Each structure stands twice: as C-alpha cells, then as structure tokens.
1. Would you check which residues across segment 133-182 are under 19 Å from V355 (Cα atoms) and in contact with a Pro (Cβ under 9 Å, 6 or more places away or on another chain) and list them?
2. Being more than 18 Å from the chain's Cα centre (by Cα) and among the hydroxyl-bearing types (S, T, Y) narrows it down to one of S92, S23, S59, S76, so name that one.
3. From the list F39, F47, exactly one residue is more than 18 Å from R7 (Cβ to Cβ) and hydrophobic (A, V, I, L, M, F, W, C). Which is it?
4. Look at segment 295-316 and say how many of its residues are closer than 17 Å to R239 by Cα and surrounded by 22 or more Cβ atoms within 10 Å (Cβ to Cβ).
5. If you check I357, I351, which single one turns out to be crowded, with 18+ Cβ neighbours inside 10 Å, of a type in the set (V, I, T) and at negative phi?
6. What is the residue count in segment 1-47 for residues that are buried (at least 21 other Cβ atoms within 10 Å of the Cβ) and either free of Cβ contacts under 8 Å to residues at least 12 places away in the same chain or assigned to a helix (DSSP H, G or I) (or both)?
7. Would you point out which residue out of Q91, Q69 is modelled with pLDDT under 95 and under 27 Å from A28 (Cα atoms)?
8. Considering segment 48-62 alone, what residues qualify as being among the hydroxyl-bearing types (S, T, Y) and surrounded by 24 or more Cβ atoms within 10 Å (Cβ to Cβ)?
Amino acid sequence: MNTVTPRIFIAATEQNTGKTTVSLGLYAALRPQFHRIGFIKPVGQRFTKVDGKRIDEDSVLIQETFNTQVPIEDMSPIAVEPDFTRRYINQSNHEALARRVRHSFDRACWEKDFAIIEGTGHAGVGSTFDLSNATVARLLASKVVLVTPGGIGHPIDEAALNKALFDREGVEVLGVVMNKVHPEKLDSIADIANRGFERIGLELLGIVPLENMLAEPTLQQICEHIRGRFLYNESESRRHARQVVIGAVSSANLFHKIRGHSLLIVPGDREDIVLAALSRSMASGGGPLVGLVLSDDLLPHPRLLDLLGQTTLPVILSPMDSYTIAQKIHSMTVKTLPGDTKKIGCIQDLILRHVAIPRLLEKAGYSAP
C-alpha cells in the first residue's frame, strides 16, 4: 500500500457534526500548495447510484466540485447497504474488505501530492464489520483530525472517548476542529475549550462558527423528503428555504409572519391563501416566498392553478398533511449538494478563515511542495 503520499483522516465524535464541511474546505484550502489532491471515503452509509454503482454522496460532492481525477468507485469502495452488516456477521470477510479499502486508497493517491480520507460517524462506527474509523485510519497509516460540535463539556467528553479508541489502534489524533459554534460565543469558548482539550492531550486547531445557510434545505431536497412532485418551476429547485410557514390562519394575518426565503405550506383547497400567495408572487417576483407546497394532494381551482403556472414561484404537491410536512422539514439532515455553489463557497471561506491549516500540516509532519 502507498505509504508515501501525505494524508489526513477527517473523523468526528458523532454523525452530522461537519466531517464533509471540513473535508471540502480543507481540500479547497490545500490546493494552492498541493496541486493534485486525492479523496476517499472508505465506508459510506448514504449513497446514490452512479453508473449502476452505489457511491457515497459525499464522494460525489467532492468529485463534482473539484474534478478529483480519481475513479469514482475508488472514492467510495464500501457502501453499507441495509443488509450489509447481517451478511458480514453471517460470513465474515474482513480481509477482502480491508484489501478493497487499501486498493482503492492506492488508486485515489496515484500521482497525488496529498490525500484526504473522510470517515463516517464517530470513531467506533463500522466496528460491527471490523472496519471502524479507528481501524480504517490504522489500515491507511493516517493521522486524524477530530471534528466536534460546539460547546465545552459535551465535545470534550466525546473527544476523550473517541481518542481512546484511536489510541487503542495506535492512531495519532493531531487535534480538534470544533464546528457549528454560535458566532457570539466564539471568543468566550475559544480559551476555555482550548484548555479543556489540552487536559486530554488534544490541541484545538480551529473553531468554525455556525452558518445558518448551510442548514437550509433546497426545494429539491424538501420535495424528495415529503414525497412530493413539482407542478411548476422545477428549474428553481435549488432555492433555499430559511423559514417554513403553515397557512393555518387567515391570509390577512398570515403574511405578517412571513419573512425572506419563506416556504409556505397550505392545503390546495385553502384558495384564499393560495390566491394571496399568487398575488404577492405576481406583484413582486415572488417577494419573501421561495416556494409553495400544496399539502394533502389537494389542488386549487383549475383557473387558480393555471395562474400559479404563469408565475416564477416553484409549486410542489405532496400527499402529506401540512403539519407532517413541516415536521419532516424541521427534522431533515441537510447535506451540501454538488452544484450548490453558494454553500460550497461559504464552506471554503469558513475553513480557510477559522482552521489553523499551517499548524495542522506542521503537526502532521507535512510541508507544502
């Protein structure tokens, strides 16, 4: 296996903490120094189909954003399907999986100046099939950067637990990047968190502020999550929804509550509210509304529906009721998608400004070519 190419393993203390955010931002920040960078997510749990193969969504994001020049199947060698664990326990094949990971890493690193390895979940995820993050980091001879959520007590406790597993595997944890810290608390948390992590033998390499836009789902993501379909203006499906409003009051009172980038959810037979949304859209190019969801599979009068089609307002029809739709949107895990240039640019700027990348490379023992 390739042991020459410089590499970093991005792990986390829990799911949805920001591994992909750090990986994507680090990839962008390192490109001026390491011109050819490889990427691999050895074990993926959320995947999509690419040329008939199950490929982790984060690998697709990195490839389409940076044109990695790595075969996509080698960026995502193991996709954990629903019955994957059951099959492994029944017929253990650890050596075959380990060989696949090493082989894919070699291809991902071929003629590269640097490699970024992204983990999945916390350090122990994958233990059921003998490929925990700690084990994979050892297999690939990589040092680790640990991503934690914002705070003080909880992130330090979780970092200590994760570090213990990496230590057991003989893997060095270089330090911690704390993510999603409320901007007004950055200064107050920085000093005490730094001292807290030092107590467990870790260095704080960065504190990344919470950016609300990164948690805003696109209309396309919402449509898929609520089993909906676009009736009109699907071309605007990349719009972000910042606020969700249910049309459960009179139209006169409703629009006092609506702010910018709002998604309105209303049954199609509440024609007074649909008409008010239509009027605002026609008068101001959509105004504060980014989209309209018609719930319960109910459509307004055909004439009103035709008028909606003449606006630029995206309209989605869903079989779910309004409150279920709002609840599902509220509980969504929002992932950055390929082509979402606004979010990707924001992520790159956040990591470049708030992570001590020269110090990270110094601790890892790497210098730019």
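1. T148, P149, G150, P155, V176, M178, N179, K180, V181, H182 - these are the residues of segment 133-182 that are under 19 Å from V355 (Cα atoms) and in contact with a Pro (Cβ under 9 Å, 6 or more places away or on another chain).
2. On the way: S23 fails: more than 18 Å from the chain's Cα centre (by Cα); S59 fails: more than 18 Å from the chain's Cα centre (by Cα); S76 fails: more than 18 Å from the chain's Cα centre (by Cα).
Checking each option against the conditions leaves just S92.
3. On the way: F39 fails: more than 18 Å from R7 (Cβ to Cβ).
Answer to the selection: F47.
4. At the first step, the residues of segment 295-316 found to be closer than 17 Å to R239 by Cα are 311-316.
Those left that are additionally surrounded by 22 or more Cβ atoms within 10 Å (Cβ to Cβ): 313-316.
The total comes to 4.
5. On the way: I357 fails: crowded, with 18+ Cβ neighbours inside 10 Å.
So the residue among I357, I351 that is crowded, with 18+ Cβ neighbours inside 10 Å, of a type in the set (V, I, T) and at negative phi is I351.
6. 10
7. On the way: Q91 fails: under 27 Å from A28 (Cα atoms).
Going through Q91, Q69 in turn, the sole match is Q69.
8. Residues of segment 48-62 among the hydroxyl-bearing types (S, T, Y): 48, 59.
Listed by number, the list holds a single entry, S59.
The values are calculated or read from the model by the stated rules, or taken from the named source; none is laboratory data. Quick caveat: nothing in here was measured; it's all calculated off a predicted structure. Heads up, the Cβs are rebuilt from the backbone with ideal geometry, glycines too, and the neighbour counts pull from every protein chain shown.
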